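Working notes, structure below.
The values are calculated or read from the model by the stated rules, or taken from the named source; none is laboratory data. Computed from a predicted structure; not experimentally measured. Glycine gets a Cβ as well: all are built from the backbone with ideal geometry, and neighbour counts include every protein chain shown.
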């Protein structure tokens, strides 16, 4: 299989965000995860069936467009579980490096567990990763101090010198981004406690609009998607 015809199961894609890691970044959520963390914010991304089959070459093209149009400085992999798609993630990470973009990966595996996985592509991915956030999400231990981190047990590993724990960005408040386009409503990032129910209300309204549009035989729109880091 060549680089151009390798298919990646994509749950969600954002060309430019400041809610999924340092600076402006594109973000990709892979479809499929072997873990079942209670309170997972993306349960629709857990099954390995689903998502949008997308050519790897198309994702690289989008990355180039994001560099030109938005001046992104990195890419973030989420899910789903990126390490369950290590071949695709490693190839995308290598391409990102060739464009001088930093790579950030969120995984439910600890770094030690990741290093023990038999898939050689995991090692290739880690070798191209600048920031790794590891560990399962623990609903009962939310992290209120570190930006972009879901629960207190999760660790941030700076695998290169490109980023640093001393950067004040890690202590700034989290942000929530809401997008409405032709495909529907998408919400990602981390809401403030007082706004935690906002996206649910928006999603409810979006689904209601989808139901109405189907009843009226209007063109189909996708329901709201929630895609937190």
Please name all residue pairs, on different chains or six or more residues apart, with Cβ atoms under 6 Å, provided the first residue is in region 1-14 and is farther than 10 Å from residue 30 by Cβ and the second residue is modelled with pLDDT of 85 or more and not in a helix (DSSP H, G or I). 7/53; 13/28; 14/27
Name the residues in region 67-90 that are in contact (Cβ under 8 Å) with a residue 40 or more places away in the chain, assigned to a helix (DSSP H, G or I) and buried (at least 22 other Cβ atoms within 10 Å of the Cβ), would you? 82, 83, 84, 85, 88, 89
Can residue 125 be described as under 23 Å from residue 33 (Cβ atoms), assigned to a helix (DSSP H, G or I) and touching a strand residue (DSSP E or B) at 6+ places or on another chain (Cβ under 9 Å)? yes
Scope region 29-56; condition in contact with a helix residue (DSSP H, G or I) (Cβ under 7 Å, 6 or more places away or on another chain) and either closer than 20 Å to residue 179 by Cβ or crowded, with 16+ Cβ neighbours inside 10 Å (or both); matching residues: 29, 30, 31, 32, 33, 56
Residues of region 123-143 satisfying the condition of being out of contact with any helix residue (DSSP H, G or I) (no Cβ under 7 Å at 6 or more places or on another chain) and either farther than 18 Å from residue 18 by Cα or not assigned by TED's automatic domain parsing to the domain that holds residue 111 (or both): 123, 127, 135, 136, 137, 138, 139, 140, 141, 142, 143
Of (1) surrounded by fewer than 16 Cβ atoms within 10 Å (Cβ to Cβ); (2) modelled with pLDDT under 95; (3) assigned by TED's automatic domain parsing to the domain that holds residue 77, residue 148 satisfies all except one. Which? (1)
In region 91-102, which residue that is touching a residue at least 60 places away in the same chain (Cβ under 8 Å) and assigned to a helix (DSSP H, G or I) is farthest from the chain's Cα centre (by Cα)? 91
Restricted to region 15-61 and to residues being part of a loop (DSSP other than H, G, I, E, B), free of Cβ contacts under 8 Å to residues at least 24 places away in the same chain and over 24 Å from residue 147 (Cα atoms), the residue farthest from the chain's Cα centre (by Cα) is 49
